[in-house]
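Trainee: A single structure is presented below for examination.
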Amino acid sequence: MSATLDTHGHDDHDVHHHKETFVTKYIFSQDHKMIAKQYLITGTIMGVIGVLMSIMFRIQIAWPEKPNILFEALLGKWAPDGVMDADVYLALVTIHGTIMVFFVLTAGLSGTFSNLLIPLQIGARDMASGFLNMVSYWLFFISSFIMLCSLFVEAGPAAAGWTIYPPLSALPMAQGGSGMGMTLWLISMAIFIAQSLLGSLNYIVTVINLRTKGMSMTRLPLTVWALFVTAIIGLVSFPVLLSAALLLIMDRSFGTSFFLSDIFIQGEVLHYQGGSPVLFEHLFWFLGHPEVYIVILPAMGLVSEIMATNSRKPIFGYRAMIASILAIAFLSTIVWGHHMFVSGMNPFLGSVFTFTTLLIAIPSAVKAFNWITTIWKGNLQMNPAMLFSIGFVSTFITGGLTGIILGDSALDINVHDTYFVIAHFHLVMGISAIYGMFAGIYHWFPKMYGRMMNKNLGYIHFWITAICAYGVFFPMHFIGMAGLPRRYYTNSAFPLFDDLANANVIITIFAIIGGLVQIVYLYNFFVSMFYGKKAEQNPWKSTTLEWTTPVEHIHGNWPGAIPHVYRWSYDYSKPGHDDDFVPQNVPLKEGEEELQH
Amino acid sequence: MTALLTIIFVLFVAIAIWQMVKIFDLAQVGKSNSQIATDEDNKINGYLMIAFMVFIYVITFLSLYYLGDLPLMSNSASEHGEEIDNLMWISMIVIFLVQTITQFLLHYFAYKYKGEKGRKALFYADNNTLEFIWTIIPVIVLAGLIIYGLFTWNDIMNIDEDEDPLVIELYAQQFSWKARYSGGDNVLGKANVRLIDIDRANVLGVDENDPNAQDDFITSEIHLPVGRKVLFKMRSQDVLHSAYMPHFRAQMNCVPGMVTQFAFTPTVTTAEMRQRPEIVEKVKNINELRRERQAEIEEAGQELLYEFDYILLCNKICGKSHYNMQMNIIVETQEEFDAWAKEQTTFPNSLN
């Protein structure tokens, strides 16, 4: 395998084809394309579980404490007579958050597309280290497995919210889920972080070292830029979460007092002294905030690429797009305190974090305007991937705008931890990133499986999902502004909120429909994998290098020499050419200037 | 209501399935089996983009109409609340304008420039003036919001001790609240969870030997005199909690091992607030809904009819009964408050 790596791309030595067994081809594969597919399938399975959980707790919110066959079937002893238990409600929201943020939108999204696209789009035969790449996938698999195992422990899985703030998460007597369930959660996350770091290192090294001849940094597709910068953010911030997790394990199991102090619970004073939960909040959000950009940047990269291709137009403001990715990446590491305005930290710090947080709106606005200008006067090909990309921009704007309320410390006092927050982050990073992921799957499915997905099913999938996404999250802003706190098992303890009950029913109905329509997608995905129409080599008439490889996957990607690159990746509808796209490996014509983008 | 919603739901699903079948049929009839968008697809989806834009505007309108009385953006019951509400309105208007315009541009362009065979897109890769414009406009707008926001924040968070605020301790535990008033000296006695003595009913761990603690009194309801600044000192004995008082635009976490604080001046008494037309309307509406669910509510042991009260609720996940951790707040005149305070048992007398 390693013999096939070609770091310069101009050596024409033959690619060896080792005899492959089932195990080396499909299970312990070191081929980046196979690893990408493994990430995607694992992420999909986790996604199905995460969405199912959200539907269950939405049903509980809409019809609180009513027996339900679904609960009886799926929750067993945790839903006596089919009525969901309050602890299980918290467990469901916790594991839903954990799975969606880390397992689906970090590993599933970034893992899939970094692996698939980085080598193909920069013109490399594989990742810098195929072996580490394989290890990183299998760590992800183990971590997913442990997380799922935690659902079956006696006292229930972790239930302290996906932010696992101690002392709630540290003391088994404070909550059932803080026993074995939390231990498994922490172990699973520690392994997850290890896989993320291995992956990130690999992506960074690959982008820096293995670009083919002519592929300068300013000719890279924006996908690669986004995935590259995402890897850097991950490398900077994930270790901090690892330290937080390790210190929490110490507090839980070895009696240290990093995060705990002066606790009286169930009739006894605990020995902890001198620690502070606020310290944990700082450590957690030092990763936690960059994490949302780890989730959204790859989606931004995929969407930029898909929008340009399907608009038959260069992405508008290529350099501004790169600059805004870098600006977002930098700012993302100095805004974490906006999750902690009312945590008891010094109000002056709150002022600083308000300032840095609102700054991040500027590069985000630049990106949104650039996407809108990209489709202006284009020749839009409404493939499902394009629809999801337009949907991405729509939800990114809707969700992003309310960030200027939450980022403003004075306003955050009153909407902190209400449904307003849920509406905001689901639209801006949840739904948007999922749209980016769907867009990427529809667009690169032919590259992954050599077949096309059914476009009509894609259209149904998009439009119903789009309506449901707004139907679920738009009204949530308003119930948040009415003061309804998140993570409440039922709102019936407060007559004050009784007039919001109907809105909650409508939201749940949209959520159920939105969840069900994903079956159309899953059907389309798995059936097309085997029976879809055979794909052409370059079905979307794209300029980037991945479409110069043969449809059938081979080790080393290109049967012959790696193509050289002569132009940037956005020569769509360039005057002076007959076709409306010029692939990157086509040399400049005589007298043709490479656009000084 | 539930029946109606169920019918709507079933209808939705039926329509969806019917649409799917129809499109399947069309796909079979079509000449090419291409899975790449044709001009026909571009056209249909272009129109759907416009329809979707209308949908976004409609759902905005409906949300505003049904849920938009925005009880949290009017009727604030504290001095600083008005400032927060002003800033909220300004931010909301900015958001609403930008949202309306950008969604229009996005969906309109998606419709207007839907692909046609043979047409070539405009090769338009860059324009520094445009980039400059949409960098500088957000900068100016955000600068305004940041400056306004920071002034408001500093006003709220920097507590001026010279104003002689009424000092009250808010004490959180799984899953209830207690308030400790500082009494005549307006100074709280020292306390620590290590001093908790359940047998003697010293549940907050107040230092019995501290002279300042002698006139303290502990209650399970908060009474506040209108027009006087209150300084809340928050403590928690077990896990994180958050003291959220939405009507006063006040929130602060209660952190084990440290004391956090938040201050505000209540401006409207409970009796006055109950008279406000918006509140009367809201209460009436809620009570109608509650009568519909009479049996269920009585079974749960709640009072059927709701009467408006300010509340304190827990807003940081704290365990199983997090959803039901509340305490009433009563704002009254100074005379009423003094009379109430006189009736309370002081801390030394409350011990066994």
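The values are calculated or read from the model by the stated rules, or taken from the named source; none is laboratory data. Since the structure is predicted, the reported quantities are computational estimates derived from the model, not experimental observations. As a convention, Cβ positions derive from the backbone with ideal geometry for all residues, glycine included, and neighbour counts pool all protein chains shown.
Trainee: Test of understanding: among B:Glu303, B:Glu332, B:Glu296, which residue is at pLDDT 95 or above and surrounded by fewer than 22 Cβ atoms within 10 Å (Cβ to Cβ)?
Mentor: None of the others qualify; the one that does is B:Glu332.
Trainee: Within region A:483-491, can one find any residue that is touching a helix residue (DSSP H, G or I) at 6+ places or on another chain (Cβ under 8 Å) and part of a helix (DSSP H, G or I)?
Mentor: For region A:483-491, residues touching a helix residue (DSSP H, G or I) at 6+ places or on another chain (Cβ under 8 Å) and part of a helix (DSSP H, G or I): absent.
Trainee: For region A:458-466, does any single residue satisfy the condition of being over 18 Å from B:Asn45 (Cβ atoms), in contact (Cβ under 8 Å) with a residue 24 or more places away in the chain and away from chain B (no Cβ under 11 Å)? Steps first, answer last, please.
Mentor: The first filter runs over region A:458-466 and keeps only residues over 18 Å from B:Asn45 (Cβ atoms), leaving none.
No, every residue in region A:458-466 fails to be over 18 Å from B:Asn45 (Cβ atoms), in contact (Cβ under 8 Å) with a residue 24 or more places away in the chain and away from chain B (no Cβ under 11 Å).
Trainee: Another one. Take region B:95-106 and flag every residue that is more than 27 Å from the chain's Cα centre (by Cα) and either facing chain A (nearest Cβ under 9 Å) or not in a helix (DSSP H, G or I) (or both).
Mentor: B:Leu105, B:Leu106
Trainee: Right, here's the next one. Of everything in region A:351-380 that's more than 7 Å from chain B (Cβ to nearest Cβ) and not polar (S, T, N, Q), which residue is farthest from B:Thr152 (Cα to Cα)?
Mentor: A:Trp371
Trainee: Return the only residue of B:Leu48, B:Leu87, B:Leu130 being under 30 Å from A:Asp408 (Cβ atoms), facing chain A (nearest Cβ under 8 Å) and free of Cβ contacts under 8 Å to residues at least 12 places away in the same chain.
Mentor: None of the others qualify; the one that does is B:Leu130.
Trainee: Moving on to the next point. A:Leu349 fails exactly one of the following numbered conditions: (1) at pLDDT 95 or above; (2) more than 19 Å from the chain's Cα centre (by Cα). What is the number of that condition?
Mentor: Result: A:Leu349 passes all but (1).
Trainee: Does any residue of region B:292-307 turn out to be over 17 Å from the mean Cα position of the chain (by Cα), at positive phi and free of Cβ contacts under 8 Å to residues at least 24 places away in the same chain?
Mentor: There is at least one residue in region B:292-307 that is over 17 Å from the mean Cα position of the chain (by Cα), at positive phi and free of Cβ contacts under 8 Å to residues at least 24 places away in the same chain.
Trainee: Sticking with this one: Cβ-Cβ distance below 8 Å, separation of 6 or more or different chains: which pairs start in region A:50-74 with a residue that is without any contact (Cβ under 8 Å) to a residue 12 or more places away in the chain and end on one that is assigned to a loop (DSSP other than H, G, I, E, B)?
Mentor: Correct list of pairs: A:Glu72/A:Ala79.
Trainee: Moving on. Here's a check for you: in region B:227-278, which residue that is surrounded by fewer than 23 Cβ atoms within 10 Å (Cβ to Cβ), farther than 21 Å from A:Ile263 by Cβ and among the basic types (Lys, Arg) is modelled with the lowest pLDDT?
Mentor: B:Arg276
Trainee: I've got another one for you. Taking region A:541-569 as the region of interest, how many residues are over 24 Å from A:Gln30 (Cα atoms) and surrounded by fewer than 20 Cβ atoms within 10 Å (Cβ to Cβ)?
Mentor: 3
Trainee: Scan region B:207-232 for residues that are part of a loop (DSSP other than H, G, I, E, B) and either under 9 Å from B:Ala179 (Cα atoms) or of a type in the set (Ser, Thr, Tyr) (or both) and jot them down. So that I can check it myself, show each step before the final result.
Mentor: We begin by selecting, within region B:207-232, every residue part of a loop (DSSP other than H, G, I, E, B); these are B:207-210, B:214-216, B:220-221, B:226-229.
Within region B:207-232, B:Ser220, B:Glu221 qualify.
Trainee: Any residue at all in region A:373-393 that's over 30 Å from A:Ile35 (Cβ atoms), surrounded by fewer than 24 Cβ atoms within 10 Å (Cβ to Cβ), touching a Pro at 6+ places or on another chain (Cβ under 7 Å) and not charged (D, E, K, R)?
Mentor: No, region A:373-393 contains no residue that is over 30 Å from A:Ile35 (Cβ atoms), surrounded by fewer than 24 Cβ atoms within 10 Å (Cβ to Cβ), touching a Pro at 6+ places or on another chain (Cβ under 7 Å) and not charged (D, E, K, R).
Trainee: Could you grab me the full set of residues in region A:273-303 that are buried (at least 22 other Cβ atoms within 10 Å of the Cβ) and within 12 Å of another protein chain (Cβ to nearest Cβ)?
Mentor: Scanning region A:273-303 gives A:Gly275, A:Pro277, A:Phe280, A:Glu281.
Trainee: How many residues does region A:191-218 hold that are outside any helix (DSSP H, G or I) and touching a Gly at 6+ places or on another chain (Cβ under 9 Å)?
Mentor: Looking only at that region, the number is 6.
Trainee: Quick one: which helices (runs of 4 or more DSSP H) lie wholly within region B:250-352 and hold at least 2 residues that are under 30 Å from A:Thr163 (Cα atoms)?
Mentor: Fully inside region B:250-352 and qualifying: nothing.
Trainee: Continuing with this model, one more query. Picking from A:Gly407, A:Gly440, which residue would you name as being at the interface with chain B (Cβ under 10 Å from one of its Cβ atoms) and either more than 23 Å from A:Val51 (Cα to Cα) or at pLDDT 95 or above (or both)? Step through it out loud before you land on a result.
Mentor: Values: A:Gly440 fails: at the interface with chain B (Cβ under 10 Å from one of its Cβ atoms).
The conditions single out A:Gly407.
Trainee: So, in region A:365-400, how many residues would count as being under 20 Å from A:Pro298 (Cβ atoms) and among the charged types (D, E, K, R)?
Mentor: Counting residues in region A:365-400 that are under 20 Å from A:Pro298 (Cβ atoms) and among the charged types (D, E, K, R) gives 1.
Trainee: Let me ask you something else. Restrict the check to region A:213-220 and report whether at least one residue is more than 17 Å from the chain's Cα centre (by Cα), closer than 30 Å to B:Val193 by Cα and within 14 Å of chain B (Cβ to nearest Cβ).
Mentor: Within region A:213-220 (the criterion being more than 17 Å from the chain's Cα centre (by Cα), closer than 30 Å to B:Val193 by Cα and within 14 Å of chain B (Cβ to nearest Cβ)), the answer is no, since none of the residues qualifies.
Trainee: Also, quick follow-up: Does region A:309-322 contain at least one residue that is within 30 Å of A:His443 (Cα to Cα), more than 10 Å from chain B (Cβ to nearest Cβ) and β-branched (Val, Ile, Thr)?
Mentor: Among the residues of region A:309-322, at least one is within 30 Å of A:His443 (Cα to Cα), more than 10 Å from chain B (Cβ to nearest Cβ) and β-branched (Val, Ile, Thr), which makes the answer yes.
Trainee: I'm trying to understand the selection: among the residues of region B:107-135, which are farther than 29 Å from A:Ala466 by Cβ and under 32 Å from the mean Cα position of the chain (by Cα)?
Mentor: Within region B:107-135, just B:Thr135 meets the criteria.
Trainee: Name, by its number, the condition in (1) under 21 Å from A:Val101 (Cα atoms); (2) touching a Pro at 6+ places or on another chain (Cβ under 8 Å) that does not hold for A:Val472.
Mentor: Result: A:Val472 fails condition (2) only.
Trainee: Need pairs with beta-carbon distance below 6 Å; first residue more than 8 Å from chain B (Cβ to nearest Cβ) and under 21 Å from A:Gly50 (Cα atoms) and within region A:157-174, second among the charged types (D, E, K, R) and outside any loop (DSSP other than H, G, I, E, B); sequence gap 6+ or separate chains.
Mentor: The qualifying pairs are A:Ala159/A:Asp87.
Trainee: Now, a different point. Please determine, by comparing only the residues of region B:257-271 that are more than 20 Å from A:Asn414 (Cα to Cα) and free of Cβ contacts under 8 Å to residues at least 40 places away in the same chain, which one is farthest from the other protein chains (Cβ to nearest Cβ).
Mentor: Across region B:257-271, the extreme among qualifying residues is B:Val259.
Trainee: While we're on this one: Hey, among the residues in region A:485-495 that are in contact (Cβ under 8 Å) with a residue 12 or more places away in the chain and in contact with a strand residue (DSSP E or B) (Cβ under 8 Å, 6 or more places away or on another chain), which one's nearest to the other protein chains (Cβ to nearest Cβ)?
Mentor: Filtering first and then ranking leaves A:Pro485.
Trainee: Can you pull out every residue in region A:272-305 that is hydroxyl-bearing (Ser, Thr, Tyr) and over 18 Å from the mean Cα position of the chain (by Cα)?
Mentor: Those that are hydroxyl-bearing (Ser, Thr, Tyr) and over 18 Å from the mean Cα position of the chain (by Cα): A:Tyr272, A:Ser276.
Trainee: In addition: Evaluate the following for A:Asn383: is it at the interface with another protein chain (Cβ under 9 Å from one of its Cβ atoms), in contact (Cβ under 8 Å) with a residue 24 or more places away in the chain and in contact with a strand residue (DSSP E or B) (Cβ under 9 Å, 6 or more places away or on another chain)? Break it down stepwise before answering.
Mentor: Details: at the interface with another protein chain (Cβ under 9 Å from one of its Cβ atoms): yes; in contact (Cβ under 8 Å) with a residue 24 or more places away in the chain: yes; in contact with a strand residue (DSSP E or B) (Cβ under 9 Å, 6 or more places away or on another chain): no.
Against the criterion (at the interface with another protein chain (Cβ under 9 Å from one of its Cβ atoms), in contact (Cβ under 8 Å) with a residue 24 or more places away in the chain and in contact with a strand residue (DSSP E or B) (Cβ under 9 Å, 6 or more places away or on another chain)), A:Asn383 does not qualify.
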